[in-house]
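The values are calculated or read from the model by the stated rules, or taken from the named source; none is laboratory data. Predicted model, so just to flag it, every value in this text is computed and none were measured. Counting neighbours? That spans all protein chains shown, and the Cβs are built from the backbone with ideal geometry, glycine included. Calculation scope for accessible area: heavy atoms of the full protein, side chains included, ligands and nucleic acids excluded. Shrake-Rupley method; radii C 1.70, N 1.55, O 1.52, S 1.80 Å.
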Amino acid sequence: QVQLVESGGDLVQPGEFLRLSCVASGRIFSFHTMGWYRQAPGKQRELVGTVTDDGTTNYADSVPGRFTISRDNAKNTVYLQMNSLRPEDTAVYYCYARFSDEEYWGQGTQVIVDS
């Protein structure tokens with residue numbers, strides 16, 4: 001079994017920041033790719049970005065430069081630093097991990113940006 005557990009979602013005001021974390025546990029110790037997706041109300045889930053085990057990052061074109069993905073391989077953890085949050089960043093953020101042809105998802109953590 002593999003589990004991805006996200007944390008860090010919250011209700012914040014515009015301009016504030018959040019750091020999301022996702023810890024992977026289970027039979028797979030090291031994932032090649034980890035990352036984040038998000039799903040805003042009434043919209044499809046979209047890629048935020050990914051990071052490979054060598055630290056190479058890839059961001060969706062729609063993702064602002066205010067977001068940074070990183071990972072700690074020793075802790076099997078991926079992070080999403082979100083700065084200067086805006087109401088349009090409101091969404092459920094999902095952790096993603098891939099090992100070979102196996103893909104795994106977390107349950108999601110809610111981020112609400114509202115004044």
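The residues of region 1-41 that are part of a loop (DSSP other than H, G, I, E, B) and modelled with pLDDT under 95, listed by number, are Gln1, Arg27, Ile28, Phe29, Ser30, Phe31, His32, Pro41. May I ask you to verify whether Ile28 is open to solvent by less than 50 Å² (accessible area, probe 1.4 Å) and more than 19 Å from Ser7 (Cα to Cα)? Considered against the rule, which asks whether it is open to solvent by less than 50 Å² (accessible area, probe 1.4 Å) and more than 19 Å from Ser7 (Cα to Cα), Ile28 comes out as yes. Within region 69-115, the set of residues being touching a strand residue (DSSP E or B) at 6+ places or on another chain (Cβ under 7 Å), of a type in the set (Gly, Ala, Ser) and open to solvent by 30 Å² or more (accessible area, probe 1.4 Å) comprises just one member, Ser70.
Residues that are touching a Phe, Trp or Tyr at 6+ places or on another chain (Cβ under 8 Å) and outside any strand (DSSP E or B) were ranked within region 42-54; the one that is nearest to Asp114 (Cα to Cα) is Arg45.
State whether the residues of region 55-68 include one that is among the basic types (Lys, Arg), surrounded by fewer than 21 Cβ atoms within 10 Å (Cβ to Cβ) and not in a strand (DSSP E or B). Within region 55-68, one or more residues are among the basic types (Lys, Arg), surrounded by fewer than 21 Cβ atoms within 10 Å (Cβ to Cβ) and not in a strand (DSSP E or B).
Among the residues of region 1-18, write down those that are of a type in the set (Asp, Glu) and more than 17 Å from the chain's Cα centre (by Cα). Explain how you work it out, then say what you get.
Just the residues of region 1-18 that are of a type in the set (Asp, Glu), to begin with: 6, 10, 16.
The answer is Glu16, and nothing else.
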